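K.L.:
Below is a structure I'd like to ask you about.
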Amino acid sequence: MTGKDDDRKKCPPKSFPYTIKSGDTLYFLAKRYNTTVEAIERINPGIDPENLQIGQVICIPRKEHPMPPCPNGFYYTIRAGDTFFMLAQRFNVSVQSIINANPGVDPENLQIGQVICIPRKKHPMPPCPNGFYYTIRAGDTLFMLAQRFNVSVQSIINANPGIDPENLQIGQVICIPRGMHPMPPCPNGFYYTIRAGDTLFMLAQRFNVSIQSIINANPGIDPENLQIGQVICIPRKCVVFCF
């Protein structure tokens, strides 16, 4: 066999190269890759089914799999070695829920490159009377969320009974309790609840007051560390006299 014969074969679209191993037959390959002997012969003109050579590279047609609907989950592309059992463990869902989300898919004959739907695990919404809901994103940990929202890890755990801090799921909705900030007196203004992205500069512009007047109305406030859900006083702008 020449070096040229060893080069990776270029296969037409919707097919992939396969290197013949000991014991391979076209019938065996057709069964493994969910195609037919005739389809393999068609895509490999001149192939001798009775004389396959170890190391010979042929093309295997890739079966088209329709994309299953996946409104409450996400798409996943099958890789070598994947099984529904392994995927269920990896994404913390049941094998049966994956089967239900992929009608017509044969769990015993998954194809490399096949796209399936992984359903998201159902998490009941925790009650959150004194906080706000947050949807878990990739990379989130309770420690990071506690730092971001200026609360303790334990307070998040307490607000979400049954939560597994070591196994947060993307898309899982949890309750973030609000940090305890004393309500400042606000006789000549109005209360405002801090939202994501707020800064004193933006609030000063929005309400047409100075940054310093907001700071003066909220003794002890840290302008560099506003917390979502924190209630502050916005002073009203003095037009002529303020008493």
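Each value in this text was obtained by applying a stated rule to the coordinates, not by laboratory testing. Computed from a predicted model, the values in this text were never measured in an experiment. No Cβ is skipped: glycine too gets one built from the backbone with ideal geometry, and neighbour counts run over all protein chains shown.
K.L.:
Could you grab the relative contact order for the chain? Cα pairs under 8 Å, six or more apart, rounded to a whole percent.
P.N.:
Value for the chain: 14 percent.
K.L.:
Moving on. Please give, to one decimal in nm, the separation of the simple spin-label points placed at F16 and N158, each 7 Å out from Cα toward the Cβ.
P.N.:
5.2 nm
K.L.:
Work out the length of the dipole vector of region 3-61 about its Cα centre, built from +1 on the beta-carbon of each Lys and Arg and -1 on the beta-carbon of each Asp and Glu, and round it to the nearest 20 debye.
P.N.:
Values: 9 positive and 8 negative charges, 66 e Å.
Once rounded to the nearest 20, the dipole reads 320 debye.
K.L.:
Please report, in debye to the nearest 20, how large the charge dipole of the chain is about its Cα centre when each Lys and Arg carries +1 at its beta carbon and each Asp and Glu carries -1 there. Display every interim value, and only then the final one.
P.N.:
Numbers: 23 positive and 18 negative charges, 151 e Å.
Here the size comes out at about 720 debye.
K.L.:
Which residue, chosen from I215, V151, N225, occupies the Cα position most advanced towards the positive end of the dipole of the chain, where the dipole is computed from +1 (Lys, Arg) and -1 (Asp, Glu) charges on Cβ about the Cα centre?
P.N.:
I215
K.L.:
Given H placed on each backbone N at 1.01 Å, which residues far from F16 in sequence or on other chains put an amide H within less than 5 Å of it?
P.N.:
Close amide H contacts, sequence-distant or interchain: I60, R62.
K.L.:
One quarter of the convex hull surface, Cα atoms only: what value does that give for region 189-235 in nm²? Spell out each step's value before the answer.
P.N.:
Values: hull surface 11.1 nm².
Its Cα hull, projected and averaged over all orientations, spans 2.8 nm².
K.L.:
I've got another one for you. Projected area of the chain, taken from the Cα convex hull and averaged over every viewing direction, in nm²? The partial results should precede the final answer.
P.N.:
Working: hull surface 85.5 nm².
Result: 21.4 nm².
K.L.:
Can you tell which of Y27, L168, T193 lies farthest toward the positive end of the dipole of the chain, using +1 and -1 charges on the Cβ of basic and acidic side chains (Lys, Arg; Asp, Glu)?
P.N.:
Selected residue: T193.
K.L.:
Can you tell me the dipole magnitude for region 35-161 around its Cα centre, using point charges on the Cβ only (Lys, Arg +1; Asp, Glu -1), in Debye to the nearest 20?
P.N.:
Working: 10 positive and 9 negative charges, 178 e Å.
Charge dipole of region 35-161: 860 debye, to the nearest 20.
K.L.:
Lysine pairs in the chain with Cα distance under 17 Å, only those 8 or more apart or on different chains: how many are there?
P.N.:
Values: K9/K21; K14/K63; K21/K31; K31/K63.
Lysine pairs meeting both conditions in the chain amount to 4.
K.L.:
Now, a different point. Can you tell me the mean projection area, over all orientations, of the convex hull of region 3-61's alpha carbons? Units nm², please.
P.N.:
Working: hull surface 15.4 nm².
Average of the hull's projected areas for region 3-61 equals 3.9 nm².
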